[in-house]
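The values are calculated or read from the model by the stated rules, or taken from the named source; none is laboratory data. All figures in this text were calculated on a predicted structure; none of them were measured in a lab. Here the Cβ is made from the backbone with ideal geometry for all residues, glycine too, and neighbour counts use every protein chain on show.
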Amino acid sequence: MVTSKVDHGHNTRAIHTVLIQFLSGLSHASTLFLVASGLSIIFGVTRIVNFAHGAFYMLGAYAAYTLATHLMELWGPGLGFWSGIVLSALTVGLVGVLMEIVLLRRVYHAPELLQLLATFGVVLVVQDAALWLWGREDLFAPRAPGLKGVVFIGEERFPQYHLFLIAVGPLVLGLLWLAFHKTRWGILVRAATEDREMAAALGVNQRWLFTSVVFVGSLLAGLGGALQIPKEAVNLQMDISIIAEAFVVVVIGGMGSITGAFLAALLVGEINAFGVLIFPKSSLVLTFLVMAVVLIIRPHGLLGKPPPPRRASEWINEPALRPADALMRFGALMAIVVMVFLPLVAGEYARVLATELLVLALFAASLHFLMHISGQVSFGHAAYFGVGAYAAALATQHAAAGTLSALLLAPIAAALIAALFGLFCVRLSGVYLAMLTLAFAQIVWSVVFQSTWSGGDNGLLSIWPQGLWTHPVAYYYLTAVVSIAALGVIRHLAFTPFGYALRAGRDSPLRAEATGIDVRRYQWAAFALAGAFAGLAGGLHAFHKGSVFPNLMSIAQSVDALVMVLLGGLQTLIGPVVGAGLYHLLQTEMMRATEYWRLILGLIIIGLVVAFPQGISGYVLSRYRRFDR
C-alpha cells in the first residue's frame, strides 16, 4: 500500500514536470512565432531573405529596456511598462521602414543573394550601434507589473508572465488573419505573395505595399524582442540566438505561410522544451534535424507552396564566362610573382596575412563553384571546411600522418560528407536548398561540439606542420602552391564539358534534361567537388593556425564565405579571390583600428552592394570589356 502511494506520487510529479515543460515550450513558441511571422511576411511579398530580422529582435529588447524603465518612472509601473513595450515595437517598425526606403528599394531588382548581403550589412551596423548606445554589459529590465507571480501545478511553479506569452501567439495569429482576410491591405499582400508581377500589372502600388509589409514584419520582430525583457537579460547575442531558429520555423512551416509558421513554432518550441529532458546531448541540433527531415519529406515545408520556376533570362542575361585573355593572364602572373617574393621583402605580419588570404580565397572559390557554376546556394558550406580541418588534425594526432598525407585526407573526408548531403540537397532549390545545407552543417557542428574524440568545445591543439614544413616560410610556400593549383583546377573545370553541363542545368534544367544531361547527377558531383576544395582549404587552415575548433563549421563561418563570394562578384571566376582578400583585409584592419569595426564594415558592405551590385570584380570586368570594345 505504501509502495503504491509512493509510485502514485512519483507518477504525479512526472506528469506535473511534463506539463511544465509543455507550457514552457508553448511560451517559447509564441516568441518564435512573432519573429518568424514577420520574417515570413517580408519574404512572401518582397522575396528578400531578411538577415537583419534577428537584429531587429535584439533592437526591440534594448528599446523596450530603455523606454519601459523611463516611462515607469514617469507614468507608473503598469502604464509605463506596457507603453514601453508598444512604443519599442513601433520604433523597430520605423527602423525597418528606414532600411526599406534607404537600402532595400535600391536592391529590389538585384540578385536575391545581393539583397541578403545588404541585410547582412545592416546586421553589422545594428550590432555596433547597440554596443555604442547600451554597452557590453547584460541589462536587466523590470518585471512585468501584474504578472510577477507564479501559478502552482502540483508542487511545480510556473511564471504567470509565461502564461501571458502563451496567449500572445494565438492572439497575434488571429489579428494577422483578420488583417489578411478582412482588409484591403491584407488582400493586396496576399495577391503580391501569390504573384507579385501580376499584382503590379493590376495597378498595385508596390512601393507603398513593400514599405508597409517591412514595417509590419519589423514591428513583429521588435515586439518579440520587447516581450523578452522580463524573461531574460538583454544582451548583444540575442540576434544570433533567435535568427537561426526563426529561419528554421519559417522553412519548416513553408516560406510565406503564416499558419505554417505558427504550426512550426509550436513544433520547434516543444522540441526545444522536451529535447533538454529526453536528449540532453542532442538538444543543440534537434530542431535542425527535424527541419532536415521535413525538407526531405516535404521539400517546400508543411504548408508552403513550390516557388515559381526560375526564369532562364535571369541567368542568360548575365555576361558569359570567358577564358582569361592576355591581360588577365599577365595580371595573374604578376600576382604569383608578388606571392613568391613576398616573404623575402615583407615582414611576418604580411606573410601570415597572405597565408590566411590564400586559404580563404580557396574556401570562397569552392563555394562560388557550387553557387555560380552549378546554381546551388549553400548556407552551410563551412561544414566541409571544418571537416577538412578536423580530418587533417585527427590524422596528425592519432594516426601519426605527415603533413602532406593529412592534407590529402582533408579533401577526401570533406568530399564524402558533401556527397552524402548532396544526395538530399540536389532535390531542392532556392531558400529551401540553402536551409537544408544549413541544417546538415549544424548537425555536423553539433556532433563535433559534443564529442570527446574531437575535443568538444575545447577543440584540438598543437596541430603544426611537420618535417620540411615546420618553418613558417616553407609552409607559406606550400599553402601558396596548393591553393593556386586548386584555384587553377576550379577554373579549368568551369570550361570543361562537365562545367558546361552544370551551367546548362543551372540555366534551363528541363532543356538540359531533354538533351540527355542528368542534371541531378551533375549537381551531386559538383556538391562533392565543392566540398573537397573547401576541405582542402580547411586542412591548410588547421596547420596554419595550429588548432581547430567547432566554430570552423559554424553559421558565422558559412556567412563569411557567402559574403566573400558576393562582395567579389558572383559572375566572374576571379570574384571569390577578390572578395576574400577585400573582406578579410577590411575585417582585420577595422578590428585593429576601432572597437566599432562591425559598424564601419557593415556600412562599407552596404555601400559596395548599392554601388556595385555585380560585385567588385564584376564591375571592373564589365568596365574593362566595355573599354576593350
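The condition of being under 30 Å from THR452 (Cβ atoms), touching a strand residue (DSSP E or B) at 6+ places or on another chain (Cβ under 8 Å) and buried (at least 17 other Cβ atoms within 10 Å of the Cβ) does not hold for GLY422. Look at segment 119-145: where a residue is farther than 20 Å from MET590 by Cα and a partner is among the polar types (S, T, N, Q) and assigned to a helix (DSSP H, G or I), sitting 6+ places away or on another chain with Cβ atoms under 7 Å, you get ALA141/THR69; PRO142/THR69. Entry remark, segment 214-239: residues being over 17 Å from GLU137 (Cα atoms) and part of a helix (DSSP H, G or I) number 13 in total. Can you find a residue that is more than 25 Å from the chain's Cα centre (by Cα) and assigned by TED's automatic domain parsing to the domain that holds VAL234 anywhere in segment 112-134? Yes: one or more hits.
Screening ILE85, ILE48 for residues that are outside any helix (DSSP H, G or I), crowded, with 20+ Cβ neighbours inside 10 Å and in the same structural domain as VAL204 (by TED's automatic domain parsing) leaves exactly one candidate, ILE48. Residues in segment 603-617 that are in a helix (DSSP H, G or I), buried (at least 23 other Cβ atoms within 10 Å of the Cβ) and among the small types (Gly, Ala, Ser): SER617 only. Screening ASN235, ASN317 for residues that are at negative phi, of a type outside the set (Ser, Thr, Tyr), surrounded by fewer than 18 Cβ atoms within 10 Å (Cβ to Cβ) and modelled with pLDDT of 90 or more leaves exactly one candidate, ASN235.
Looking across ALA593, ALA561, one residue alone is among the small types (Gly, Ala, Ser) and modelled with pLDDT of 85 or more. It is ALA561. The residue that is farthest from ALA265 (Cα to Cα), among those in segment 149-195 that are in a helix (DSSP H, G or I) and of a type in the set (D, E, K, R), is ARG184.
With respect to the conditions (1) assigned to a loop (DSSP other than H, G, I, E, B); (2) among the β-branched types (Val, Ile, Thr); (3) surrounded by 16 or more Cβ atoms within 10 Å (Cβ to Cβ), THR479 falls short on a single one, namely (1).
Yes/no per residue for (1) within 21 Å of the chain's Cα centre (by Cα); (2) outside the structural domain of LEU394 (by TED's automatic domain parsing):
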site	(1), (2)
ALA526	no, no
ALA532	no, no
PHE549	yes, no
GLY568	yes, yes
LEU573	no, yes
LEU582	yes, yes
LEU585	no, yes
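Of all residues in segment 353-409, those being under 17 Å from the mean Cα position of the chain (by Cα) and part of a helix (DSSP H, G or I) number 11. Just to be sure before I move on: is ALA494 loosely packed, with under 15 Cβ neighbours inside 10 Å, modelled with pLDDT of 90 or more and of a type in the set (A, V, I, L, M) in the structure I sent? Here the answer is no, as ALA494 does not meet what is asked.
Only one residue in VAL577, VAL559 is more than 26 Å from VAL126 (Cβ to Cβ) and either among the β-branched types (Val, Ile, Thr) or assigned by TED's automatic domain parsing to the domain that holds PRO111 (or both). Which one? Exactly one residue qualifies, and that residue is VAL577. One residue alone among PHE440, PHE533, PHE549, PHE543 is aromatic (Phe, Trp, Tyr), within 30 Å of ASP239 (Cα to Cα), touching a residue at least 60 places away in the same chain (Cβ under 8 Å) and touching a helix residue (DSSP H, G or I) at 6+ places or on another chain (Cβ under 7 Å), and that residue is PHE440.
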